[in-house]
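Let me begin by presenting the structure, written as structure tokens, before commenting on it.
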């Protein structure tokens with residue numbers, strides 16, 4: 001401040017129309033990406049609702065094991081990343097009794 005003995009007014013300017021991104025990640029149980037991430041949108045605003053619970057992909061040799069808890073909700077003041085976790089399919093070995 002130019003005059004340390006007096007109050008200095010500070011002007012706050014609100015961030016208007018802040019935009020947030022919704023990204024979907026497809027990973028295995030160890031967190032390794034098994035399919036490229038998908039950006040569902042980059043123009044969500046605070047309070048916007050979203051629901052990607054049905055967006056799981058069919059990935060060869062894997063089955064869907066879990067979906068993160070934030071697959072449905074409203075945007076806050078941050079980007080959202082939803083993670084779909086897959087497990088490797090086993091194989092059947094025939095055995096002659």
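The values are calculated or read from the model by the stated rules, or taken from the named source; none is laboratory data. The shown structure was predicted, so the numbers you read here are calculated from the model rather than taken from an experiment. Neighbour counts run over all protein chains shown; Cβ positions are idealised from the backbone, glycine included.
Per-structure values
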{"quantity": "Total residues in the stretch 27-47, condition part of a strand (DSSP E or B) and in contact (Cβ under 8 Å) with a residue 12 or more places away in the chain", "calculated": "12"}
{"quantity": "Single condition residue 24 does not satisfy, out of (1) touching a residue at least 60 places away in the same chain (Cβ under 8 Å); (2) more than 30 Å from residue 61 (Cβ to Cβ)", "calculated": "(2)"}
{"quantity": "Scope the stretch 48-80; condition in contact with a helix residue (DSSP H, G or I) (Cβ under 7 Å, 6 or more places away or on another chain), assigned to a loop (DSSP other than H, G, I, E, B) and surrounded by 15 or more Cβ atoms within 10 Å (Cβ to Cβ); matching residues", "calculated": "52"}
{"quantity": "Residue 62, sole failed condition from (1) over 14 Å from the mean Cα position of the chain (by Cα); (2) within 13 Å of residue 22 (Cα to Cα)", "calculated": "(2)"}
{"quantity": "Neighbours by Cβ (under 9 Å, 6+ apart or cross-chain): first from the stretch 1-19, over 23 Å from residue 41 (Cβ atoms); second modelled with pLDDT under 80 and part of a loop (DSSP other than H, G, I, E, B)", "calculated": "7/1; 8/1; 8/2"}
